[in-house]
1. Kindly list the number of the only condition in (1) within 20 Å of the chain's Cα centre (by Cα); (2) over 17 Å from PRO62 (Cα atoms); (3) hydrophobic (A, V, I, L, M, F, W, C); (4) part of a helix (DSSP H, G or I) that fails for VAL333.
2. Find the residue count for the stretch 29-52, including only residues that are under 26 Å from the mean Cα position of the chain (by Cα), surrounded by fewer than 18 Cβ atoms within 10 Å (Cβ to Cβ) and in a loop (DSSP other than H, G, I, E, B).
3. Working carefully through the options VAL341, VAL422, find the one that is touching a Phe, Trp or Tyr at 6+ places or on another chain (Cβ under 6 Å), surrounded by fewer than 22 Cβ atoms within 10 Å (Cβ to Cβ), under 22 Å from ALA272 (Cβ atoms) and among the β-branched types (Val, Ile, Thr).
4. Right, ILE193: in contact with a helix residue (DSSP H, G or I) (Cβ under 7 Å, 6 or more places away or on another chain) and within 22 Å of VAL152 (Cα to Cα) or not?
5. Cβ-Cβ under 8 Å, sequence separation 6+ or interchain: first residue in the stretch 205-224 and not assigned by TED's automatic domain parsing to the domain that holds ASP370, partner of a type in the set (Lys, Arg) and crowded, with 16+ Cβ neighbours inside 10 Å. Which pairs?
6. Among (1) assigned to a helix (DSSP H, G or I); (2) surrounded by 16 or more Cβ atoms within 10 Å (Cβ to Cβ); (3) touching a helix residue (DSSP H, G or I) at 6+ places or on another chain (Cβ under 8 Å), there is one condition LYS104 misses while meeting the rest; what is its number?
7. Scan the stretch 68-88 for residues that are in a loop (DSSP other than H, G, I, E, B), at pLDDT 95 or above and not aromatic (Phe, Trp, Tyr) and jot them down.
8. Taking interchain pairs and intrachain pairs at least six residues apart, which have beta carbon atoms under 8 angstrom, with the first residue in the stretch 82-101 and touching a residue at least 60 places away in the same chain (Cβ under 8 Å) and the second of a type in the set (A, V, I, L, M, F, W, C) and surrounded by fewer than 20 Cβ atoms within 10 Å (Cβ to Cβ)?
Amino acid sequence: MRALNKKFMKNTPINRQTVSNAIVTSGITDLGRASIREIVKLVNVLRRETGVEFIRMEMGVPGLPSAEVGVRAEIDALRKGVASDYPDIEGLPEMKTEASKFVKNFLDVDVKPESCVPTGGAMMGGMASFMVANRNDRNKEGTLFIDPGFPVQKTQTRILGQDFRSFDVYNYRGEKLGPKLESILECGKVSTILYSNPNNPSWICFTDDELRTIGTLAKKYDVIVIEDLAYFGMDFREDYSVPGQPPFQPTVAKYCDDYILLISSSKIFSYAGQRIGLLVMSDHLYNRHYPDLLRYYSSEIFGRAMIFGALYALSSGVTHSVQYGFTAILKAVNEGLYNFVDNTRAYGAKAAKMKEMFTRNGFRIVYDMDIDRPVADGFYFTISYPGMSGGELLQELLSYGIAAITLNICGSERHEGLRACVSQVREKQLPLLEERLELFNKNNPLENK
């Protein structure tokens with residue numbers, strides 16, 4: 001790490017030794033590889049010990065009020081007594097119908113209600129997908145992650161004892177994507193491809209041409225695509241807010257037969273605490289027969305193995321009352337009564353302000369271009385500071401009461417970078433953020449300034 005400007009060594013909101021001691025006490029051996037939840041715990045400790053207000057950018061927690069229509073419907077369902085009844089593992093019939101309509105209205109893709117299944121958030125949807133899709137062929141090994149990505153998904157495959165491959169896609173955009181993908185898929189060992197779109201953490205967004213490439217190659221090599229749509233409709237450069245009218249959220253579902261869509265309620269509806277999302281299988285995949293699934297499940301039909309095998313074993317169904325809340329939200333969205341995209345635009349506006357503050361104070365945006373145009377302003381952005389690794393930068397920022405996570409844990413090749421999430425940063429904290437960034441820049445002068 002570069003030598004710090006001695007003149008300002010003590011001029012930080014939190015003493016650096018206090019930060020170092022807290023890291024050691026927390027059991028973190030390498031801050032650059034610390035998980036999201038480890039950083040959350042570390043910041044909580046520092047907050048209690050010092051009383052210093054933190055700018056918290058380490059975890060993707062919704063920063064907007066929950067969809068009220070869902071809250072009301074859930075309360076009403078509880079009052080009617082649904083808490084005493086087990087939910088149907090397949091999901092409420094009316095919820096499945098609204099889910100099918102949602103996919104049609106906002107993706108322009110046709111799936112039957114039976115192919116839409118509730119899960120305890122996209123996290124459970126991912127776990128169940130790995131449990132089934134990566135076991136459908138005994139000759140295949142696991143998942144190809146198009147990185148950077150959400151680190152816990154790799155943890156899930158490790159827990160299941162599955163292998164995975166990965167690569168940082170940033171240098172393989174556009175026409176370069178196909179050759180790179182094929183160089184990996186031609187081994188014949190890949191069961192699934194997983195990526196998020198918009199991407200967590202870089203916020204790049206695949207184009208229709210890139211999605212066509214992914215879908216075409218997945219079909220050629222008989223690979224199931226798992227498309228993580230946790231940030232559905234949040235590329236605010238386009239307006240995906242009007243049900244049934246273009247433009248539609250881009251999706252690989254237009255270009256292949258076998259896919260799984262993970263749709264989360266956490267960010268788009270600010271419903272994270274209720275833990276509900278959708279696992280949407282293509283009708284073709286739902287009905288497809290994989291004899292090798294009989295090694296683990298009682299049915300070789302993919303959809304049945306998913307619902308009555310994996311999801312049954314994981315949770316025996318998603319919380320009954322929340323399914324009623326989710327149904328009400330989907331219905332309001334489908335009928336144009338609740339514009340969830342307009343609601344989440346606040347994240348993009350805040351990201352633009354915060355990125356400008358960081359860059360004005362010497363920081364750089366790591367993933368700055370989306371092929372030939374600047375990356376969108378959204379839920380996340382990525383930052384670096386010249387001369388510092390990601391772990392060094394994170395430790396230094398903690399002494400200024402600023403928290404984030406490193407890109408190391410996201411499968412990124414950009415080890416100098418951090419992921420910053422805008423959602424927990426309140427508007428009234430922006431002047432405080434600017435003040436601390438100015439101090440940081442003053443204490444860490446750039447060499448050629």
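The values are calculated or read from the model by the stated rules, or taken from the named source; none is laboratory data. Values in this document were obtained by computation on a predicted structure and should not be read as measured data. Cβ placement follows ideal geometry from the backbone for every residue including glycine, while neighbour counts extend to all protein chains displayed.
1. (1)
2. Selection size over the stretch 29-52: 3.
3. So the residue among VAL341, VAL422 that is touching a Phe, Trp or Tyr at 6+ places or on another chain (Cβ under 6 Å), surrounded by fewer than 22 Cβ atoms within 10 Å (Cβ to Cβ), under 22 Å from ALA272 (Cβ atoms) and among the β-branched types (Val, Ile, Thr) is VAL341.
4. The answer is yes for ILE193.
5. GLU210/ARG173
6. Only one criterion is unmet by LYS104, namely (3).
7. Result: LYS80, GLY81, ASP85, PRO87.
8. Matching pairs, first to second residue: ILE89/PHE308.
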